[in-house]
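Participant: I have a structure here, written as structure tokens, and I will follow up with some questions on it.
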Amino acid sequence: MIQIFNLTYFNREYYGHSGMSPMHLNYEENRGPFHCLFNEVCDFVYCNDTFRQMGLSFLDIYNNFDYGMFNALRDFIVKQNKVKVKKMNDMQAQMDQRQERILKGTKA
């Protein structure tokens, strides 16, 4: 039924020669699902661990936020994560310096 609909309303050349696919779900590649926003939210939630940091799941963000609010949240969390990484790197450098002084026998 889907193939007949596609043959009638879309590209007759493609659907007329492609034959039947499993479950008769033929469609042109350029008409496939486009999930850019889904991928963007999924990548953001996974890479920034928003559930642990803010208690926000993928579905909370995807279903309840508009795109402007999502961008504001993403910018805020990315900025804060950069600050945390810088602080952790600074602390690690200080610990390395202290350890180096201790190993050399000087006072800290």
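Participant: Evaluate the following for Arg74: is it exposed (fewer than 10 other Cβ atoms within 10 Å of the Cβ) and either of a type in the set (Lys, Arg) or in contact (Cβ under 8 Å) with a residue 40 or more places away in the chain (or both)?
Facilitator: So Arg74 fails the test.
Participant: Let me ask something additional. Could you say which residue among Arg74, Arg52 is over 11 Å from the mean Cα position of the chain (by Cα) and part of a helix (DSSP H, G or I)?
Facilitator: Result of the check over Arg74, Arg52: Arg52.
Bear in mind that the values in this text are calculations on the coordinates, not laboratory data. Since this is a predicted model, take the numbers as computed values, not measurements. No Cβ is skipped: glycine too gets one built from the backbone with ideal geometry, and neighbour counts run over all protein chains shown.
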